[in-house]
Amino acid sequence: MSVGTFFLFACSSPPLQKTSLSLHFKDIPPYLVDVAAIEVINRYRSPFNDPYVEHLSPVTPADAIRSWASARFRAVGQEGTLLVTIADGSIEGKSLDTNKDFKALFILEQGANFVGTLSVTLEVLDAQNASLGSIVAYSSASRTLAEDASLTDRDYAMFYVTQALLDAFDSEASRQIDKHFHLFLR
């Protein structure tokens, strides 16, 4: 290993451990749903290549929705299922153009942008799996990152996007649940 390579390793920050960040949920009591089970299905499949970077996030949007569903719903019925289906849980990372002239040596610019998107369907099914009602909620969030950002900075930025996605999603889903799912709530 050369001295230069060693120096680069010594100066870089390690990425965050997945356990070092956790999502917070509003202190709102969970919805008591008249179903026997709550099931989360992830239909979104990450391409695992540019520009999609959700698989590098400390908490993926899909994992966030699983945690959200667990915290926000309680099954209190005898039959039926609340099906939570994730259609999109992506985070796209894009490089931003920065100045390359002499002046750029003296200024710090934003070098990357992360844009997250969530699309989730909540559907109440009866015992025969017939749909009794459904809603679809969407959210999006973004965050820029300085051109000299470390891996830790990148992880915090992606976590921020996931948390912002979840907060916006929770607001929209709650609004729709209160409006359209009143027959299924206790």
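The values are calculated or read from the model by the stated rules, or taken from the named source; none is laboratory data. Here the structure is a predicted model, which means the values were calculated and not measured. Counting neighbours? That spans all protein chains shown, and the Cβs are built from the backbone with ideal geometry, glycine included.
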(message) With the requirement that a residue be charged (D, E, K, R) and in a strand (DSSP E or B), what does segment 121-140 give you?
(response) GLU123
(request) Just one of (1) without any contact (Cβ under 8 Å) to a residue 12 or more places away in the chain; (2) closer than 17 Å to ALA69 by Cα trips up ALA168, so point out which. (result) (1)
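Test of understanding: among THR144, THR117, which residue is in contact with a strand residue (DSSP E or B) (Cβ under 7 Å, 6 or more places away or on another chain), part of a strand (DSSP E or B) and at pLDDT below 95? Break it down stepwise before answering.
Values: THR117 fails: at pLDDT below 95.
None of the other options fit; the residue is THR144.
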(message) Can you pull out every residue in segment 163-183 that is among the hydrophobic types (A, V, I, L, M, F, W, C) and surrounded by fewer than 15 Cβ atoms within 10 Å (Cβ to Cβ)?
(response) LEU183
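Could you list all residues from segment 35-51 that are of a type outside the set (Ser, Thr, Tyr) and outside any strand (DSSP E or B)? Write out each step before concluding.
First, the residues of segment 35-51 that are of a type outside the set (Ser, Thr, Tyr): 35-43, 45, 47-51.
VAL35, ALA36, ARG43, ARG45, PRO47, PHE48, ASN49, ASP50, PRO51 - these are the residues of segment 35-51 that are of a type outside the set (Ser, Thr, Tyr) and outside any strand (DSSP E or B).
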(message) Is it the case, given these coordinates, that TYR160 is touching a Lys or Arg at 6+ places or on another chain (Cβ under 6 Å), surrounded by 15 or more Cβ atoms within 10 Å (Cβ to Cβ), at negative phi and in a helix (DSSP H, G or I)?
(response) yes
(request) Mind telling me which of the residues ARG43, ARG74, ARG66 ends up being modelled with pLDDT of 95 or more, loosely packed, with under 14 Cβ neighbours inside 10 Å, in contact with a strand residue (DSSP E or B) (Cβ under 9 Å, 6 or more places away or on another chain) and charged (D, E, K, R)? (result) ARG43
